[in-house]
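Here is the structure we will look at, set down as structure tokens.
The values are calculated or read from the model by the stated rules, or taken from the named source; none is laboratory data. Note that the coordinates shown come from a computational prediction; the quantities given were computed from them, not determined experimentally. Methodologically, a virtual Cβ is constructed for each residue, glycine included, from the backbone with ideal geometry; neighbour enumeration extends over all protein chains shown. Side chains included, ligands, DNA and RNA excluded: accessible areas come from the protein's heavy atoms. Shrake-Rupley method; radii C 1.70, N 1.55, O 1.52, S 1.80 Å.
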Amino acid sequence: MIEEIGCGKINLALAITGRRDDGYHDIDTIFQSIGLHDVIRLEEADEFLLTCSNPALACDETNLAYKAYAALLPYRRGPKGVCIHIEKNIPVAAGLAGGSTDCAAVLRGLNRLWRLGLTTEELCRIGASIGADVPFCVCGGTMRGRGIGEVLTPLPPLPARPVLIVHPPVPVYTGKAYSLFDTMPRLQGVAVDEAAKAVEAADFEGLEAHMGNTFEELVIPDVPMIDTCRAMLRRQGLRPLMAGSGPTVFALVPPSASAGDIYQAVAAEAKDRGIDVYISSLVEGNGEPYEENDGI
């Protein structure tokens, strides 16, 4: 049996820079892996079977994990049966790349299980044909992403700083969020260059000053619960930002603060509202996370 860790991601900065002729959108972003993760187990079987610990997640041809399996079938010369089980911890439709990281984990896992010998670059190329976030999720760590997110430039890894993640029970689907961009005549800019310089200098204060996300301006007016989550983090002295296309928000915890105490305070406020709260950390890639992560 092969086991893969699929780390979630946040975007430390994200700017939508335009709509392409093929209908996709160009972005400029800083991807960052977090310790909140799914566990994907793969083993040889007589036929294909995909299962998941979360019954709400469809385990059919629409699942990105299935699409990863289908994409690698042409490279497999032997029996094609495999059992894939996803132990789901990352919330669904949360902007944390839960589907993409499962897809990437299946690509890496089948490459090992079937001894395909594909390079990371080849897995990224295959992953890009499935989803824009998949190439980053194949690699993990800290990277600047351009194009639709598949053109990656590694950045220096950040220290394992704690991060609070607040996920309201309202899905935001990426395709719909991007479609809102096409209806907006003008949007505020996001200083991705400055945020990247701060990452390179390991300057968390500078990074927080330049973090931004175009999706906030697009999505929050229609999903007021995102603002509720942001307010919960602000009351603890943190600077919240929406993760990806939302609705999840996150905040980095400064060294001077107790992440555990802040987590307890936010979790207590969120409990009666059906809002999930997680404490995690920044991680360097898709290996074992630095610490276990709790949720309510």
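Brief remarks follow.
- The dipole here belongs to the chain: it is taken about the Cα centre, uses +1 on the Cβ of Lys and Arg and -1 on the Cβ of Asp and Glu, and is about 280 debye.
- Fluctuation leader among G212, G18, G95 - the chain, Gaussian network, Cα springs under 10 angstrom: G18
- Residues in segment 205-244 average 41 Å² of solvent-accessible surface per residue, probe 1.4 Å, ligands and nucleic acids excluded.
- Quarter of Cα convex hull surface for segment 180-296, i.e. mean projection, nm²: 8.6
- Just so you know, the averaged projected area of the alpha carbon convex hull for segment 95-206 sits at 9.2 nm².
- Measuring max minus min along each principal axis, the C-alpha atoms of segment 174-233 give extents of 36, 29, 18 Å (largest first).
- Ranked from largest, the principal axis spans of the Cα set of segment 1-101 equal 46, 32, 22 Å.
- Cα pair distances exceeding 20 angstrom across segment 102-159, given as percent: 23
- Candidates K67, K271, K88: whichever shows maximal mean-square fluctuation once the chain is modelled as a Gaussian network with Cα springs under 10 Å: K271
- Scattering curve values for segment 17-161, log₁₀ I(q)/I(0), Debye with Cα scatterers, q = 0.13 Å⁻¹: -0.59
- Accessible area of segment 173-296 belonging to carbon and sulfur atoms, whole % at 1.4 Å probe: 47
- Note that segment 1-140 presents 40 Å² accessible area per residue, ligands and nucleic acids not counted, probe 1.4 Å.
- Segment 22-107, accessible surface, carbon-and-sulfur percent (1.4 angstrom probe): 51
- The chain: most fluctuating residue of V134, V163, V106 per GNM, C-alpha cutoff 10 Å: V163
- Listed residues L252, S53, A70: farthest to the positive end of the dipole of the chain (Cβ charges): A70
- Separation of the C83 and R125 label points, Cα + 7 Å toward Cβ, nm: 3.4
- The residues Y75, Y278, sorted by heavy-atom accessible surface at 1.4 Å with ligands and nucleic acids left out, run Y75, Y278 from largest to smallest.
- HN-Hα J in Hz across segment 89-100 - Karplus 6.51, -1.76, 1.60, θ = phi - 60°, x for Gly and Pro: 10, 6, x, 7, 6, 10, x, 9, 6, x, x, 5
- Modelled FRET efficiency - R0 41 Å, Y24 with R235, Cβ distances, 0.05 increments: 0.60
- Across the chain, the fraction of Cα-Cα pairs farther apart than 37 Å, rounded to a whole number, is 11%.
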